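Asks: Starting off with a structure, shown below.
The values are calculated or read from the model by the stated rules, or taken from the named source; none is laboratory data. From a predicted model like this one, the values you see are computed outputs, not experimental measurements. Neighbour counts are summed over all protein chains in view; Cβ atoms, including those assigned to glycine, are modelled from backbone coordinates with ideal geometry.
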Amino acid sequence: MRHLNKQSKISQVSQQLQVLFAKTSLEAEARMFGFVQRERRLGGSAFVQLCIHGVSQDGLACSLTELCAVALDLGIELCAQSLNERFNERGVGFIQRFFERVLDSTLGGGEKLATLKKFNGVYLQDATIYQLPERLKEVFRGSGGGGSQAAVKIDCLTDIQAGKWYLHIKDGASADNAACLLSVPRQSLWLRDLGYFKLDDFQTIANQEAYFASRLRSDIVLETASEPAQSIDLLEWAQKMQEGQIKEAQVWAGGKGHKKGPFRLIVQKVSKELGDAKRHKLCTDKQNKRKGLTKRRLALCDLNIYLTNLDAEEWPARLVVELYRIRWQIEILFKVWKSILKIGKLYPMKPHRFLCLMYAQMAWALLNAKIFQFCKATCWNNEQVELSELKAFKILRKLNHRLLKALAVNTRELYMEFFQLLFKALDSLGAKHPRKTNKNQLFCMC
């Protein structure tokens, strides 16, 4: 029965990929953007295939000559000059639209990962950045200083239960917390990086009967929620707490006239070794080198400090600390994108070519991520097998020539052959080894 269930899901996701890469719809959109105005050798569907094949192995490191070789392999003969002319404003609009189609797609019929069922969605939010050659600073502005004058930042929000993704590609110099909070489903859980710390957002989440957990920014003023209200000195707490001890309080957060809450403050005293490691990381970070760190911020490295509105009876303090570790799932994704899919590896090129290939690369990265999410949910829900992200993406990379062939031909049979081989490899090679320490809390709290 489980085998038949898996086969049914493979058939369903294969059909969805067929629709996504359907030649008729891609050609129609290419004409809509003016990329194709008459019958050409390099039509909309072929251009999508060329861009994706071009970035699938070594990121944006292909020269025009290598891209022409890719085109030849797809059955299209082009010279470098002719291909270079096709990377234009209309091509950028068309490939960006294709990226948005991949972003909006739901592979596997939206099957949810059956874990943390008490929540109606588990949302992780973070951003990654990579530097660009300075000639691209008019396209994406960097922060300068210790970095390049040109950089790309990718804001990422994902619901790891449903496999939904929201990406915003923007200037590397833009702030993380400038990102808008999307609609907040009731009973959902939001785990955000410190760069997204925003008390107004936390209040909005609480008002919508949803939940959040976040690390606390060191400059936030805290008062006890009990009467009479008293200010909280975290440095004093740190001096009195023992290593490993956890302390909590109900608090108002924010300065005068900007108080939000009441929320739960959870403080954990870490080991001296971990505290020193956190201080070293702060002092060696390129951005912090330019800011100047206060003694207070360095001293607070001895604590892990969290703010949350999770119910204390259902979610004791130690469980909240463990729950927050789920946020590392998105950090692993960024590691995979950069180390395996080569995001950030770049060959100097003109802006229009860069934008076409960048959107194609992000579509390819999203497609890989959604395929992995589908496999992860299927293996866990059907067989209680937890897949390793790094192992799975390495396996997926080795089998991507099968996926690329299926995309080029776009037949259901080839997609199904790819998924059957992928599941066979994942079943025997992709499982995460059980460990007594550093367990994945996503699967320990089912």
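Asks: Name the pairs whose Cβ atoms lie under 6 Å apart, with the first residue in the stretch 25-37 and within 14 Å of Phe99 (Cβ to Cβ), the second part of a helix (DSSP H, G or I) and β-branched (Val, Ile, Thr), and 6 or more positions between them or separate chains?
Replies: Cβ pairs passing all conditions: Leu26/Val48.
Asks: Against the condition over 20 Å from the mean Cα position of the chain (by Cα) and not acidic (Asp, Glu), how does Cys356 come out, does it pass? Give the derivation first.
Replies: On the way: over 20 Å from the mean Cα position of the chain (by Cα): yes; not acidic (Asp, Glu): yes.
So Cys356 fits the description; yes.
Asks: What pairs come up if the first residue lies in the stretch 231-249 and is in contact (Cβ under 8 Å) with a residue 12 or more places away in the chain, the second is part of a loop (DSSP other than H, G, I, E, B) and of a type in the set (Gly, Ala, Ser), and their beta carbons are under 6 Å apart, counting only those six or more places apart or on different chains?
Replies: Listed pairs, sorted by first residue: Glu243/Ser271.
Asks: Within the stretch 234-263, count every residue that is under 17 Å from Asn304 (Cβ atoms) and either in contact with a helix residue (DSSP H, G or I) (Cβ under 8 Å, 6 or more places away or on another chain) or in a loop (DSSP other than H, G, I, E, B) (or both).
Replies: Of the residues in that region, 13 qualify.
Asks: Let me ask another. Could you tell me which of the residues Glu209, Glu227 is under 21 Å from Trp315 (Cβ atoms) and assigned to a loop (DSSP other than H, G, I, E, B)? Walk me through how you get there before you give the answer.
Replies: Working: Glu227 fails: under 21 Å from Trp315 (Cβ atoms).
Among Glu209, Glu227, only Glu209 is under 21 Å from Trp315 (Cβ atoms) and assigned to a loop (DSSP other than H, G, I, E, B).
For (1) of a type in the set (Asp, Glu); (2) touching a Gly at 6+ places or on another chain (Cβ under 9 Å), each residue gets a yes or a no:
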| site | (1), (2) |
| --- | --- |
| Lys247 | no, no |
| Ile305 | no, no |
| Leu319 | no, no |
| Glu322 | yes, no |
| Trp337 | no, yes |
| Lys345 | no, yes |
| Met349 | no, no |
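Asks: Now for a different question. If only one of Leu357, Leu422 is over 30 Å from Ala150 (Cβ atoms), modelled with pLDDT of 95 or more and assigned to a helix (DSSP H, G or I), which one is it? So that I can check it myself, show each step before the final result.
Replies: Numbers: Leu357 fails: over 30 Å from Ala150 (Cβ atoms).
From the options Leu357, Leu422, the qualifying one is Leu422.
Asks: For the condition over 12 Å from the mean Cα position of the chain (by Cα), within 19 Å of Leu194 (Cβ to Cβ) and buried (at least 20 other Cβ atoms within 10 Å of the Cβ), what is the one hit in Gly142, Gly172?
Replies: Numbers: Gly142 fails: within 19 Å of Leu194 (Cβ to Cβ).
Residue meeting the stated conditions: Gly172.
Asks: Here is a follow-up. Output the qualifying pairs, or none if there are none: Cβ atoms under 9 angstrom, residues six or more apart or on different chains, first residue in the stretch 372-399 and part of a loop (DSSP other than H, G, I, E, B), second residue aromatic (Phe, Trp, Tyr).
Replies: Note: pairs meeting the criteria are Gln384/Phe443; Glu386/Trp380; Glu386/Phe443; Leu399/Phe418.
Asks: Being farther than 21 Å from Lys164 by Cα, at pLDDT below 95 and either over 21 Å from the mean Cα position of the chain (by Cα) or buried (at least 19 other Cβ atoms within 10 Å of the Cβ) (or both) is the requirement here; does Cys444 meet it? Working first, answer last.
Replies: Details: farther than 21 Å from Lys164 by Cα: yes; at pLDDT below 95: yes; either over 21 Å from the mean Cα position of the chain (by Cα) or buried (at least 19 other Cβ atoms within 10 Å of the Cβ) (or both): yes.
Criteria met by Cys444.
Asks: Another question about this same structure. Test Val48 against the criterion of being over 19 Å from Leu403 (Cα atoms), modelled with pLDDT of 95 or more and either under 30 Å from the mean Cα position of the chain (by Cα) or among the basic types (Lys, Arg) (or both), and give yes or no. Give the derivation first.
Replies: On the way: over 19 Å from Leu403 (Cα atoms): no; modelled with pLDDT of 95 or more: yes; either under 30 Å from the mean Cα position of the chain (by Cα) or among the basic types (Lys, Arg) (or both): yes.
When the stated conditions are applied, Val48 does not pass them.
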